[in-house]
Amino acid sequence: MRSDTGEPIANARVKIGRTDIPPQYKPPFSNILMSFWRPGTEMSTGTDDQGRFDFSGLVTGDYIVAAEADGYANRLELPGQPDRYSDYASRLTVRTSEPPESVKLSLFRFSRIGGIVRGPDGKAVPHIDVHLGFIDYSAGQREWNDRERTETNELGEYEFPVPSAGEYFSGGEYYLAVSADRYGNSTTETGGLNIPFMPTFFPSALNLESARSVSPIGSDIRANFDLQPVPTNWKTISGKVLDGVRTLSTPPNGAPPLPEVVNLFKQGATIEDLWLPDRVVKLGSNGEFQIKDVAPGIYDLYASSNQWTHSFNGHLTFEMKDRDITGLNLAFDDRSADVITGRIVDDSGKVYPSYQLSLRSRSRTLWPGDVRNDERLADRSTFRFVNVPTGIYDLYFGVPSEFYLADIRQGAKSILDSGLVVGGPAPGPIEVLIRKGGGKVDIHIQGDRSRPGLVVLVPDAPGRSNRLRYHAINTTSLMLTTFENVAPGNYKVFAVEKWLYGPYQRAYFIADVLAKYEDLGVPVTIQDGQTSDVRVTMSYR
C-alpha cells in the first residue's frame, strides 16, 4: 500500500469481501453506487509501517479489496482536469489450485501544510489565526470559506491537521491567510483597531490578486509569513446623528435594550477586507460618535436604530484621504420605515397570488443578510414589505409555471433594471408584470461525455442587473438542455465545468467574474413563441 508519491502508507484501513458485482465492472468502480461486498463476508485489517497487509482463510470466489487512510484520498476532482482515481480498489479471484494473489493499492496523499509566522521585527508571532480556505461565490458574491483554521504556538509555528478520509473538498482553489480573530476583541470602544498586523495572504500578499493558491493534494507545503504592521497614519472620523438619540423601545420579557449605532463599510471591499472587522460604535447620549484608524478609501456610513418596536436608518457616503474628518452629520431617514406594497398581474390585469417574496439588496448594508422577507398577509392578492433600510433592491419571487417576468414597474416607470430605490421619495406601489409564453432554447452540449458542468443562459447588459432573468442547470456533455418560458431578448449561453463545483455555483452573478468567461459565451436571440438552437462546448476553465 503506497501513496501516489511512492512512500508506504502505514495504518491504512483495508477491507476485503466477496462480491456480486459482475466482472465487466472494473476498478475504480466509479459508476457503482451499491456496496462492493456481499453482506457478512467482509474482513478488515490495517497496514504495517511498510504499508503491507494480508488476509488469510479466504474461501474460493470473487473478491474486491479496497483501502482508505486518514490524510489520503482516492479521487481528484480539479477544475480543468479529468477526474483521476488512485488504485485504491482491486478485484481478485481466489482459486484453490493457485497461490495467494499479491495486490498493490495506492491513494493520493494530502499535503501537509505548516510554517512559521513572523512580525515586522522578524520575531515569531504566537497565538495568531492561520486560515486555509477558498473563495465561495455560491451566494452570488465573494465570501471567504474556512476549510481549516489553526493557531500558532508560542514559537509562531503552525500546522494544519491531516484531513480524514473523505474530507477533501474537490474543485476548490485554496489559499492561506493569517489574521487576528475578527470575532474577538479587535476593536476599541471608538472603533479603532487593536489588531497590530495587516491580514496577509501567502506568501506575503495584502490582497487576493497577489496571493498564491495552494494544492491540498501532493507535496508538503512550507508556508512562512512575514506580517506587516497596521499603518499608524490612518485617520479619525467624528460626527453626530442629528435626530438621535431616539427613544429606545421597552424590551419584551426582560430582554436587553438594543443600542443605536453607526456602522462603517468600505465601498468596493474585496475578499481581503473580510478580516478587518466591521466598524461599529454606539451613539453617545446626544447622538455623537467617533471612529478611529480609518484607512484611505470611499466609505458608506450607516446610522441604525433597530428597536423591538421600530426601525430607522440613515446613510451618507464620504472619502477618507490624508486627514481627520469632523462634522459627519447624518439623520435617521423616517422613510426607511415606509410600507412598500405591490401586486403581481398579467397583461389583462388579472392579479396572481403572491408567495415567498423577498427583497435583495444590491449593496452591502448593516443588516445581517440582504434579504427582506415579505410580511405574511391573509390577502395574497397583494404583498407588503415594512421597515426596509435605505438602499437599492431587487424583488425575488417564484414565477408561476408557463410564465416569465416581463417587467417590474413603479408608477409608469420600469424598475426591472434600475432596482427599487428606498430612501428617496416615498416608494409608490409596485406592479410585477408576468407574461405567458416566452421563447425556448435547445442547448446541445459538446465535449467529453464524462465532463459535467453548469449551463447558464445570461442576458445581455443591462438585463444582467436582475437575477430572475438568468437560467441555469447542471448537465453533462453530449446532453440536450432546454430552457422554456424565457423572456424575449439577447442572451449568451455558457457551459463551464468549474461553475458546477459548490463554491462557484452562482459566480456568474458577479460581473467581474463573468467578464473572465465572456469569450466563451455563445450569443442567442430569444423570440416569443420561437425555439432557438445553440451548440456550445463544455469549458474546463
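Just so you know, all these numbers are worked out from the coordinates, no wet-lab data involved. For clarity, every value in this text was computed on a predicted model and none was experimentally measured. Cβ: placed from backbone, ideal geometry, glycine included. Neighbour counts: every protein chain shown.
Worth a mention:
- Working from Cα pairs under 8 Å separated by at least six residues, relative contact order for segment 439-537 is 41 percent.
- Computed FRET value (nearest 0.05) for residue 226 with residue 473, which takes r as the C-beta separation and R₀ as 41 Å: 0.35
- Computed extension gain for residue 351 through residue 48, at 0.36 nm per residue and net of the alpha carbon distance, reaches 101.8 nm.
- Ranked 198, 43, 1, 34, criterion: other C-beta atoms within 10 Å, fewest first: 34, 43, 198, 1
- Diffusion coefficient (Stokes-Einstein, Kirkwood radius over C-alpha pairs, 25 °C, 0.890 mPa s) for segment 1-124: 149 µm²/s, rounded to a whole number.
- Contour excess over end-to-end distance, with Cα ends at residue 94 and residue 233 and 0.36 nm allotted per residue: 42.4 nm
- Cα-Cα over 21 Å, subset of 413/440; 240/266; 240/282; 123/235; 266/321; 235/282: 413/440; 123/235
- Taking the fewest neighbouring Cβ atoms within 10 Å as the starting point, the ordered list for 531, 236 is 531, 236.
- Relative packing of 46-59, 507-520, which averages over residues the other C-beta atoms within 10 Å, highest first: 507-520, 46-59
- Mean separation of Cα pairs under 8 Å and 6 or more residues apart, divided by the residue count, gives segment 1-109 a relative contact order of 35 percent.
- Size-normalised alpha-carbon gyration radius of segment 425-502, reference 2.2 N^0.38 Å: 1.35
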